[in-house]
Amino acid sequence: MRSPENSGIEQFQQFFDRPALGMAFQSGGHDGDDALLDGGEADILLVRQEETVMSLQNNLAAARTHAGLLLFNETEQRIETRIGRLDVGKSTVLRLGVELMRLLQAQAGTIEGLLSPKEDGSAEYFFLEMNTRVQVEHCVTEMTTGVDIVKEGIRAAAGEELAVRQEDVVLRGHAIECRINAEDASKNFAPAPGKIGAYSEPKGPGVRVDSGVGAGGEVSPMYDPMVAKLIVWDADREQATQRMLRALDEYEIEGLKTLIPFHQALLRTEQWAKGETCRDLLEDKAWLKTLAFEKPAPKGEDESEPEKVEQTYTVEVSGQRFNVKVLGPPPSGGAAFNGAAPGVHAAPKRASRAKSASAGGPDTLESPLQGNMWKVLVKQGDTVTEGQILCIIEAMKMENEITAHKAGTVSELPIAVGASVASGDTIAVISSPQ
């Protein structure tokens, strides 16, 4: 529900029966400043929820001047996260879009839809949109048909005939695409931009990598966090899965957190083997947290700071002698500098600093990512519960909800709408209740 004063959606709830929906309708009007109950203009948008759906794409190419049009196989996006997809080529959705291509006069396009399987074995198809371009997943279609869709689109744009006829489009084998994004699945797929160290792509038959980075490159926080697309092909789904796992194992990207561990874990699940949507895994925060990257082992005091000693030397300058104290490593083998045996005393060690889960202490909530502060939902002095949404950070075209890590009172809130936020910046300080 949203009120006329605010274009953003104020509430979003799920309902599984009519009575619950009716009660929410009334309470929704009350929560919206009584705009609905008083005959105002607050809106309530009802959306049908499908429990199990498959996101499908049809790739097309058309040559307007020669009345040629190709409809390729459907790409099934069986696994779709908030930002990434694991795409599978070969599905059963009905072919459509010929008239759309003609009406839109497009050289290449993609039709998106949803397929909702029913208990009786049938399925319901929902048309979503038509994009007059190829999309990220067109590689799956190219691997299963052997047709360069981009090349055919360029031919059509140049006024040439398509080099492929509809009867030439034959599906062979099975292809899988994994988006290799700089994201941390254990943190709700938060963007993880940064610099790339060593970089090595997998190779071999049936393996394709579309990338725009290399060793020494950088994934900017200002754009989509995609590093590359990894596509494999094989005779069937099972063999394609094994080939993808092998390719993921060979992919080396140093210095970045990527979705490679997520893809590896998901492809090894029973849900994937059964061809399920794996939605339960994507919504399982505990399972996602098992994919957390290992933190660097804390260095011991001796390792982080080599032992230093204070040494006293007697030196002569312009005929005058001075005692000089030097702080540094102990002399090797006890040898004396300049023949004078220095007095050696262990340097006082720095007081160790107590560390907590976050650098700002247990009350401090730090930003897990870099971006712009889109919305602040609390005020200083508010009492919050653990898991309550405090603010929303916009990063890489996505809205990331930041929730309270503990219950308490917001004693500090050094954030403002529209301000830039760096990873590690303090979002809020939440004091425990007295």
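The values are calculated or read from the model by the stated rules, or taken from the named source; none is laboratory data. This one's a predicted model, so the numbers in the text were calculated from it and none came from an experiment. Reconstructed Cβ throughout: ideal geometry from the backbone, glycine too, with neighbour counts over all protein chains shown.
Residue check: is Val136 surrounded by 14 or more Cβ atoms within 10 Å (Cβ to Cβ), assigned to a loop (DSSP other than H, G, I, E, B) and at pLDDT below 90?
Numbers: surrounded by 14 or more Cβ atoms within 10 Å (Cβ to Cβ): yes; assigned to a loop (DSSP other than H, G, I, E, B): yes; at pLDDT below 90: yes.
Taking the combined requirement at face value, the residue satisfies it.
If you go through the range 404-434 and pick out every residue that is of a type in the set (Ser, Thr, Tyr) and under 24 Å from the mean Cα position of the chain (by Cα), you end up with 3. With the condition kept exactly as written, say whether any residue in the range 222-230 is crowded, with 18+ Cβ neighbours inside 10 Å, assigned by TED's automatic domain parsing to the domain that holds Leu256 and touching a Cys at 6+ places or on another chain (Cβ under 8 Å). Yes, because at least one residue in the range 222-230 is crowded, with 18+ Cβ neighbours inside 10 Å, assigned by TED's automatic domain parsing to the domain that holds Leu256 and touching a Cys at 6+ places or on another chain (Cβ under 8 Å).
Filtered by the rule that a residue be in a loop (DSSP other than H, G, I, E, B), of a type in the set (Lys, Arg) and out of contact with any Leu (no Cβ under 9 Å at 6 or more places or on another chain), the range 375-397 gives a lone residue, Lys397. Apart from one condition, Phe262 fits all of (1) part of a loop (DSSP other than H, G, I, E, B); (2) under 29 Å from Ile389 (Cα atoms); the exception is (1). Against the definition (within 30 Å of Pro117 (Cβ to Cβ), among the charged types (D, E, K, R) and either in contact with a Lys or Arg (Cβ under 6 Å, 6 or more places away or on another chain) or not in a helix (DSSP H, G or I) (or both)), how does Glu276 come out, yes or no? Yes.
Considering only residues that are under 17 Å from the mean Cα position of the chain (by Cα) and outside any strand (DSSP E or B), which ones fall in the range 171-200?
Pass one, the range 171-200, residues under 17 Å from the mean Cα position of the chain (by Cα): 177-196.
If the condition is that a residue be under 17 Å from the mean Cα position of the chain (by Cα) and outside any strand (DSSP E or B), then Ala182, Ala185, Ser186, Lys187, Asn188, Phe189, Ala192, Pro193, Ile196 are the ones that fit.
So that you can scan it fast, the table gives a plain yes or no per residue for (1) at pLDDT 80 or above; (2) over 26 Å from Trp272 (Cβ atoms); (3) touching a strand residue (DSSP E or B) at 6+ places or on another chain (Cβ under 7 Å):
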| position | (1), (2), (3) |
| --- | --- |
| Ala61 | no, yes, yes |
| Val88 | no, no, yes |
| Leu96 | no, yes, yes |
| Met143 | yes, no, yes |
| Ile149 | yes, yes, yes |
| Leu162 | yes, yes, yes |
| Arg165 | yes, yes, no |
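Of the listed requirements (1) over 21 Å from Ser200 (Cβ atoms); (2) under 21 Å from the mean Cα position of the chain (by Cα), Glu252 misses just one: (1). Sub-7 Å Cβ pairs linking a first residue in the range 247-268 that is within 14 Å of Pro193 (Cβ to Cβ) to a second residue that is of a type in the set (Ser, Thr, Tyr) and surrounded by fewer than 20 Cβ atoms within 10 Å (Cβ to Cβ), at least 6 apart or interchain, are Ile253/Tyr199, ordered by first then second residue.
Filter the range 398-410 down to residues that are in a strand (DSSP E or B) and in contact with a Gly (Cβ under 8 Å, 6 or more places away or on another chain) and give me whichever is surrounded by the most Cβ atoms within 10 Å (Cβ to Cβ). Break it down into steps so the answer makes sense when it comes.
If we filter the range 398-410 for residues that are in a strand (DSSP E or B), which is where we start, we get 398-403, 408-410.
Restricting the remaining residues to those that are in contact with a Gly (Cβ under 8 Å, 6 or more places away or on another chain) gives 400, 403, 409-410.
Working: Asn400: 22, Thr403: 14, Thr409: 16, Val410: 20.
So, considering only residues that are in a strand (DSSP E or B) and in contact with a Gly (Cβ under 8 Å, 6 or more places away or on another chain), the one surrounded by the most Cβ atoms within 10 Å (Cβ to Cβ) is Asn400.
Conditions (1) without any contact (Cβ under 8 Å) to a residue 24 or more places away in the chain; (2) touching a Leu at 6+ places or on another chain (Cβ under 9 Å); (3) assigned by TED's automatic domain parsing to the domain that holds Gln370; (4) of a type in the set (A, V, I, L, M), marked per residue:
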{"site": "Glu124", "(1), (2), (3), (4)": "yes, yes, no, no"}
{"site": "Phe127", "(1), (2), (3), (4)": "no, yes, no, no"}
{"site": "Val140", "(1), (2), (3), (4)": "no, no, no, yes"}
{"site": "Val147", "(1), (2), (3), (4)": "no, yes, no, yes"}
{"site": "Glu161", "(1), (2), (3), (4)": "no, no, no, no"}
{"site": "Gly173", "(1), (2), (3), (4)": "no, no, no, no"}
{"site": "Ala185", "(1), (2), (3), (4)": "no, yes, no, yes"}
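Hey, among the residues in the range 271-280 that are of a type in the set (A, V, I, L, M, F, W, C) and modelled with pLDDT of 90 or more, which one's surrounded by the most Cβ atoms within 10 Å (Cβ to Cβ)? First the steps, then the outcome.
Let us first name the residues in the range 271-280 that are of a type in the set (A, V, I, L, M, F, W, C), namely 272-273, 278.
Okay, now just the ones that are also modelled with pLDDT of 90 or more, so 272-273.
Working: Trp272: 20, Ala273: 12.
My answer is Trp272.
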